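Have a look at the structure below before the remarks.
The values are calculated or read from the model by the stated rules, or taken from the named source; none is laboratory data. Since this is a predicted model, take the numbers as computed values, not measurements. Every residue, glycine among them, receives a Cβ derived from its backbone with ideal geometry; neighbour counts consider all protein chains shown. Ligands, DNA and RNA are stripped out before the accessible areas are found, and what is left, the full protein with its side chains, is counted by its heavy atoms. Shrake-Rupley method; radii C 1.70, N 1.55, O 1.52, S 1.80 Å.
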Amino acid sequence: MEKKLKEEKGITAEKDEFSEWFSQIMLKADLADYTSVSGAIVFRPGSYVLWEKIKEETDKRFKKLGIKNCYFPLFIPEKTLNKEKEHIAGFSPEVAWVTHAGNTKLNERLAIRPTSETIMYESYSKWIRSWRDLPLKLNQWNNVVRWEFKHAVPFLRTREFLWNEGHTVYASKEEAEAEKDQIIGIYKEICEEFLALPSLIGRKSDKEKFAGAEYTISMEFYMPNGKCIQGPDFHHDGQKFAKAYDIKFLNKDGKEEYAYQNTFAITTRMLGVMFAIHSDSKGLILPPKIAQNKVVIVPIIFEDSKTSVLKKAKELAGILKEFDPIVDERENYNAGFKFNEWELKGIPLRIEIGPKDIKEDKVMLVRRDNGKKESVKLKDLKQKVEEELEDIQKCLFNKAEKLLKENIIKVKNLKEIGETIKNKKIAFAPLCGDESCEGDLKTGTLGVKVLNVPEKQPSELEKSKCSICAKKADYFAYIGKSY
């Protein structure tokens, strides 16, 4: 019976069978579940607690910048949504509509928010009158609905997801643009320091930028299946929304001006990116700084020593309480089954303690990331746990960074782009910036897009030609398949 349970609970797909492997990780590690609504998932406690940590750490940093939290309605009247034409054109295919209340047809359709610019900026236009009302820095932690018709992937591409959406307003373009480095800096710190995830940071091409923005700065992540995925981003909207929603103020000279605006977000997609990049064929691997329970203590139980071993395990839990340890006291499963289960759920460190260990005043310490086992004296245990957790965090980041760097190939022409993509890598190629050339990448046989354009450009840019049309290149860009 126990063997059967082990087979049912364990991961049976390899990581290179990405879709099946990722689905098993999600279900068997108790992270999420499917629902009767296609493309919408349940965030189980195992994943939601991780999102709470992201939210907590991000929110703490926002507040230091003077950004305040608020909440706006889920429903947006159609006339309000339609005020900024470029913006709504970008979202139109994904908008879900409420048309009836009970059996009564509504006089006007209500959109279920795909994003909140339109509903928020009606209020902004009422609240902002003078330069004294600026800057206005608001943020929401909420859910949004985008009725994707592409293949839904849990966490990575779902019809409903959770995020923050920051919406700030400034009196000048310079003030607004100065916020870019602050916000991207926060997101970079969260992704690198907590999720152990490196990224490619750069400006989106005009073809790929956020609908209605002057420009978008994005963080792009490389996935183990060769696809890339966009993470947190920052959009400088200039005065586009201000003019559409009449957000004006009297400046210090008494003259009326349109305000400058930014929007920015991090989403629950980052959970899926973290799960996919770090985990292995045994199950989930969590970076210690994001894991709620950093340690699991597994007592090796025998009938004649059960009481003393359980007592010692609980003593250890008290010593290690800052790491939120779990003591697995279950008697209906043997130690091997428990080891496999906690490996599946990604607990960073496992401590094994039995009667022999108590006699020798030591425990066995096992790392989840590399399986390394080490006998540790009880007097050294707390310090050793601290050191190992710090090292696991560092090793996971270094491994992810190596994966990213090894899969970026600098190329010169369309043929080399094609070969790079075929090999499931990212092409770093010179482009002229013409949207028609970029369109050839997306609509042609390659089916790829420009991920973003890094601020720091290669020295050979001046002599480089566009990979598509052979005209002088304006920049090098990262190109790849993307979710």
Report, by residue number, each residue of segment 435-459 that is open to solvent by 70 Å² or more (accessible area, probe 1.4 Å) and of a type outside the set (Ser, Thr, Tyr).
Glu435, Asp440, Lys442, Glu455, Lys456
On the basis of being among the hydrophobic types (A, V, I, L, M, F, W, C), open to solvent by less than 20 Å² (accessible area, probe 1.4 Å) and without any contact (Cβ under 8 Å) to a residue 24 or more places away in the chain, does Leu365 make the cut?
yes
May I ask you to verify whether Ile67 is surrounded by 13 or more Cβ atoms within 10 Å (Cβ to Cβ), among the hydrophobic types (A, V, I, L, M, F, W, C) and either in contact with a His (Cβ under 8 Å, 6 or more places away or on another chain) or closer than 19 Å to Gln292 by Cβ (or both)?
no
Out of segment 243-286, which residues are in contact with a helix residue (DSSP H, G or I) (Cβ under 7 Å, 6 or more places away or on another chain) and in a loop (DSSP other than H, G, I, E, B)?
Asp246, Ile247, Asn251, Lys252, Ala259, Ile266, Thr268, Ser279, Lys282, Leu284, Ile285
Restricting attention to segment 97-127, which residues are open to solvent by less than 40 Å² (accessible area, probe 1.4 Å) and assigned to a strand (DSSP E or B)?
Val98, Ala111, Ile112
Considering only residues that are of a type outside the set (A, V, I, L, M) and touching a helix residue (DSSP H, G or I) at 6+ places or on another chain (Cβ under 8 Å), look in segment 347-362 and name the one that is most open to solvent (accessible area, probe 1.4 Å).
Asp361
Name the single residue that is surrounded by the fewest Cβ atoms within 10 Å (Cβ to Cβ) among those in segment 460-476 being within 15 Å of Phe428 (Cβ to Cβ) and touching a helix residue (DSSP H, G or I) at 6+ places or on another chain (Cβ under 9 Å).
Asp474
Does segment 318-331 include one or more residues that are in contact (Cβ under 8 Å) with a residue 40 or more places away in the chain, within 20 Å of Leu195 (Cα to Cα), of a type in the set (A, V, I, L, M, F, W, C) and touching a helix residue (DSSP H, G or I) at 6+ places or on another chain (Cβ under 9 Å)?
yes
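Mind checking which residues of segment 283-303 are in contact (Cβ under 8 Å) with a residue 24 or more places away in the chain and open to solvent by 60 Å² or more (accessible area, probe 1.4 Å)? First the steps, then the outcome.
Taking segment 283-303 as the starting set, the residues that turn out to be in contact (Cβ under 8 Å) with a residue 24 or more places away in the chain are 283-302.
Lys289, Gln292, Phe302, listed by residue number.
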Among the candidates Lys424, Lys410, which residue alone is touching a residue at least 12 places away in the same chain (Cβ under 8 Å), closer than 23 Å to Lys463 by Cα and open to solvent by 90 Å² or more (accessible area, probe 1.4 Å)?
Lys410
Taking Ile201 as the residue in question, decide whether it is open to solvent by 40 Å² or more (accessible area, probe 1.4 Å), in a strand (DSSP E or B) and at pLDDT 95 or above.
yes
Output for segment 160-195, where each listed residue is open to solvent by less than 10 Å² (accessible area, probe 1.4 Å) and outside any helix (DSSP H, G or I)
Asn164, Glu165, Gly166, His167, Thr168, Val169, Leu195
All conditions in (1) closer than 26 Å to Glu148 by Cα; (2) open to solvent by 60 Å² or more (accessible area, probe 1.4 Å); (3) not small (Gly, Ala, Ser) are true of Ile54 except (2)
